[in-house]
């Protein structure tokens, strides 16, 4: 499990992976709630199917980007919660910076105007 | 609905993923759609493929570290799979594929039987007319006979071999010429000489000239026309001998010449049966037709009857059981190879037993370990298969070419798509079989016993038993294979040693030549030409006897005629028959056939001299029974332009065989000058010359005496014997080779197991040696165990061999399928080999140093 070194070695992330990390950046969530959050945050343009979602979760747990936390869901005891590790957070930040760089370049080349952020 | 689809999609994912995330996924199912299920299914398959790829790369990395092991296993597999691929391609082409004709399942060959004659008789033109008129079950019928013509191209005679057929032959088989037309009824009229030639003849002799159609060409000294050219590679069937091969040409069977006599039986026939009828029904109908004809024509047909046999059976002849026998042998070899590889894998994986036991106690499933084993075995099998296909290709190209020539459609054998598919199936089956042994022994051991045994080198007894069982299987199969091949080899030797009754070497014979009747229309002109040729052959340097004759032993020509003895009365239709031959003076001397009584045929026995005949001992014994042969007169059938006449028996000669399989039959020999035949061969004995030199001289003599006839090929008698025994020799050689391979693999198996067991028991041996056990005691112990295992293998092998031997009885000549000598020899051989294979490890056991062995205690 690699948790040191340059997180940029893992970039670029797939959009699905980045959105999962984003969803977990604010709080611990269970799998289904991650999918919901991603769908809401992207106004429904990104939909994570269960296969894609849990395959990535499995991979991220193995690689130490996220961890499963001990917390029982009152609604459905089958659900498990995940939290971003510091290493996962560094990777998410690195990806966000990479995207921000891309956006800056887009604005310089007049592909995008500042009003897009209004 | 989504609920069920989701469960099904989950099954596609690896078990580990399913058990960990299945419940969580199910928790969100109320919000899922069809595309979510699809996503799950696709991801599941992807993860499995990823696992598989990881497994493959893991296995490859592991295998690279053991190159010797990989080489041995891949080679073992290559031998097993390669033999299977080669033999399957033969089986598929020769036996399994339907004949290359229209609706070939409904094609039959018409057989005739005559209870008075030994060799199967042929059909006459009236016979075929009768079948056409009286049988409803046979919808089409065509007569066929082998034929040859001499084509004159630019003044050079070219001998062509082909078939003379009724025009129905084309429609029956669905043969469409690539150029021109098929033969029609009009081509059968007397005086019409039309031919359809093969693509090969068209290219070789006519430079593939398309304008050849309908142009005048000289055939046998007469003007003929080529009306069509067959498609390239067109196989033509001759129902007489079941041969199916390209022919140089197809000619029309003349409708009226030779005369439409009921007794002129020289044709064979193919027919198509009505779609609604079965072979049994057709044969029942033909039995009625035969009975009717026997009453109608008692003079010719009183003992004559018709039947049909599927054309496929005729073509296959004895080939099918041979190919199936060899196929069974290669399946046996594959099983031996699997058992051996199973043992090697078992030993290899046993080193990791502790790791696996530990893994399993920590929750890894047996399946995940089995997967690794299957992948590793599969890679080895695939490597073996690739190597094996290469070996098979080389084998079919190399020694196979000669062996294949003895099988129908043998020239068409190749490694095709069906063969490759078979190879793939074999790889799968081989992988499963070879991985079975290590997997079983893996499951037979548990962590507890494993940890106890750890570091003490005790071989788990379950594992040892399974390994010994595999060796028993190998020994049993190898024994059966060696016995079957031993029987075949003995059978071949017996056949090749069959005494023909002639001198065994130094005789050169020629192929048959025929005198074109346009140039030699009379008996006198033929006799003159033959006398001149004979004179020239006798004058050749080194020749001590030369003769002309129609047939000679193993010439494939056997002419049976009715005969009778003067002064004896035969009820109608019971006259005896005998093989007739026209021979010149010197024939018996050239072949080294002893004169028993009376005199030899001489040059003075001309057409003007009294009619005489020489008979063999079988004739004297049976047909002349109770008479003084040298005072008898027998009736010689009219044939070849001569008329039936009485001839005095002037000599009796020793018996000779006409074929290897048949005992000598009654024969009579007519002086060639008293019945000069249209076709004949030369028989020459010389000293101090090689067969090749003598053969060339004979050809030169023919070329100068008969410039319009293509000079015949020449052979030695040994060549003829080799030709006749080629198929048996091929089977014996092939089975012998396969049995050797099987034996070697099995011996390697014995060596491996004994070797492994000695290593495992070295501590025990050390203790025993320390306690004073002598070399012979240790040696005896190891050998005794090996021989006990071998004995079980031999016992089961004898049972398999007995079954196999019974199955091949039909292919054995003068050897009993339970030949005690073969069985006993092979059993002794197997025990000797087993002892030999275990000798080295046994000696190693005696050299164990007690100190080394005890150090680990």
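The values are calculated or read from the model by the stated rules, or taken from the named source; none is laboratory data. This is a predicted model, so every value here is computed, not measured. Here Cβ is always computed from backbone atoms with ideal geometry, including for glycine, and neighbour counts include all displayed protein chains.
As for segment B:172-191, it holds at least one residue that is assigned to a strand (DSSP E or B), in the same structural domain as residue B:129 (by TED's automatic domain parsing), in contact with a strand residue (DSSP E or B) (Cβ under 9 Å, 6 or more places away or on another chain) and more than 30 Å from residue B:294 (Cα to Cα). The conditions of being within 14 Å of chain B (Cβ to nearest Cβ) and at pLDDT below 90 are met by residue A:79. Suppose we filter segment B:225-257 for residues that are over 20 Å from residue B:178 (Cα atoms) and part of a strand (DSSP E or B); how many remain? Residues flagged as over 20 Å from residue B:178 (Cα atoms) and part of a strand (DSSP E or B) within segment B:225-257 amount to 2. Looking across segment A:35-44 at every residue that is part of a loop (DSSP other than H, G, I, E, B) and over 23 Å from residue A:93 (Cβ atoms), the one that is nearest to the other protein chains (Cβ to nearest Cβ) is identified as A:44. When restricted to residues that are part of a strand (DSSP E or B) and more than 28 Å from the chain's Cα centre (by Cα), segment B:264-279 contains 1.
Scanning for something in contact with a strand residue (DSSP E or B) (Cβ under 8 Å, 6 or more places away or on another chain) and either facing another protein chain (nearest Cβ under 10 Å) or not in a helix (DSSP H, G or I) (or both), does segment A:46-57 turn up at least one residue?
Within segment A:46-57, the subset in contact with a strand residue (DSSP E or B) (Cβ under 8 Å, 6 or more places away or on another chain) is A:57.
Still in the running and either facing another protein chain (nearest Cβ under 10 Å) or not in a helix (DSSP H, G or I) (or both): A:57.
Within segment A:46-57, one or more residues are in contact with a strand residue (DSSP E or B) (Cβ under 8 Å, 6 or more places away or on another chain) and either facing another protein chain (nearest Cβ under 10 Å) or not in a helix (DSSP H, G or I) (or both).
When segment B:267-288 is filtered for residues that are out of contact with any strand residue (DSSP E or B) (no Cβ under 6 Å at 6 or more places or on another chain), modelled with pLDDT under 90 and either crowded, with 16+ Cβ neighbours inside 10 Å or under 21 Å from residue B:238 (Cβ atoms) (or both), only B:277 remains.
In the set B:578, B:597, which member is more than 22 Å from residue B:687 (Cα to Cα), surrounded by fewer than 17 Cβ atoms within 10 Å (Cβ to Cβ), touching a helix residue (DSSP H, G or I) at 6+ places or on another chain (Cβ under 8 Å) and assigned by TED's automatic domain parsing to the domain that holds residue B:653?
Matching residue, one of B:578, B:597: B:597.
The set of residues in segment B:607-628 being surrounded by 14 or more Cβ atoms within 10 Å (Cβ to Cβ) and assigned to a loop (DSSP other than H, G, I, E, B) consists of B:607, B:611, B:623, B:624, B:627.
Of the residues making up segment B:34-51, just one is in contact with a helix residue (DSSP H, G or I) (Cβ under 8 Å, 6 or more places away or on another chain) and loosely packed, with under 13 Cβ neighbours inside 10 Å, namely B:34.
Looking at segment B:52-70, is at least one residue surrounded by 14 or more Cβ atoms within 10 Å (Cβ to Cβ), within 8 Å of chain A (Cβ to nearest Cβ) and part of a helix (DSSP H, G or I)? No - not one qualifying residue is present in segment B:52-70. Within segment A:21-32, being part of a helix (DSSP H, G or I), more than 14 Å from chain B (Cβ to nearest Cβ) and either touching a residue at least 12 places away in the same chain (Cβ under 8 Å) or crowded, with 20+ Cβ neighbours inside 10 Å (or both) holds for A:21, A:22, A:23, A:24, A:25.
When residue B:159 is tested against (1) under 20 Å from residue B:249 (Cβ atoms); (2) at pLDDT below 90; (3) touching a helix residue (DSSP H, G or I) at 6+ places or on another chain (Cβ under 9 Å), just one condition goes unmet, and that condition is (3). Taken over segment B:665-680, the criterion of being within 33 Å of the chain's Cα centre (by Cα) and surrounded by fewer than 21 Cβ atoms within 10 Å (Cβ to Cβ) is satisfied by B:679 alone. Here residue B:40 qualifies as at the interface with chain A (Cβ under 7 Å from one of its Cβ atoms) and either in a helix (DSSP H, G or I) or modelled with pLDDT of 85 or more (or both). The one condition from (1) farther than 30 Å from residue B:319 by Cα; (2) in a helix (DSSP H, G or I) that residue B:773 does not meet is (2).
Could you tell me whether any residue of segment A:87-98 is over 13 Å from the mean Cα position of the chain (by Cα) and either touching a residue at least 12 places away in the same chain (Cβ under 8 Å) or surrounded by fewer than 19 Cβ atoms within 10 Å (Cβ to Cβ) (or both)?
So far as segment A:87-98 goes, yes, one or more of its residues are over 13 Å from the mean Cα position of the chain (by Cα) and either touching a residue at least 12 places away in the same chain (Cβ under 8 Å) or surrounded by fewer than 19 Cβ atoms within 10 Å (Cβ to Cβ) (or both).
Of the numbered criteria (1) assigned to a helix (DSSP H, G or I); (2) at pLDDT 90 or above, the one residue B:368 fails is (2).
Which one of the conditions (1) at pLDDT below 90; (2) farther than 17 Å from residue B:31 by Cα; (3) more than 11 Å from chain B (Cβ to nearest Cβ) does residue A:68 fail to meet, given that it meets all the rest? Evaluating residue A:68 over (1) at pLDDT below 90; (2) farther than 17 Å from residue B:31 by Cα; (3) more than 11 Å from chain B (Cβ to nearest Cβ) leaves (3) as the failure. Within segment B:19-34, can one find any residue that is part of a helix (DSSP H, G or I), touching a residue at least 24 places away in the same chain (Cβ under 8 Å), closer than 17 Å to residue A:56 by Cα and facing another protein chain (nearest Cβ under 7 Å)? No; the residues of segment B:19-34 include none that is part of a helix (DSSP H, G or I), touching a residue at least 24 places away in the same chain (Cβ under 8 Å), closer than 17 Å to residue A:56 by Cα and facing another protein chain (nearest Cβ under 7 Å). Do you know which of the residues in segment B:221-257 that are at pLDDT below 80 and out of contact with any helix residue (DSSP H, G or I) (no Cβ under 9 Å at 6 or more places or on another chain) is nearest to residue B:199 (Cα to Cα)? Once the filter is applied, the top-ranked residue is B:221. In segment B:786-808, the residue that is surrounded by the most Cβ atoms within 10 Å (Cβ to Cβ) out of those that are within 17 Å of residue B:736 (Cα to Cα) and modelled with pLDDT under 90 is B:805.
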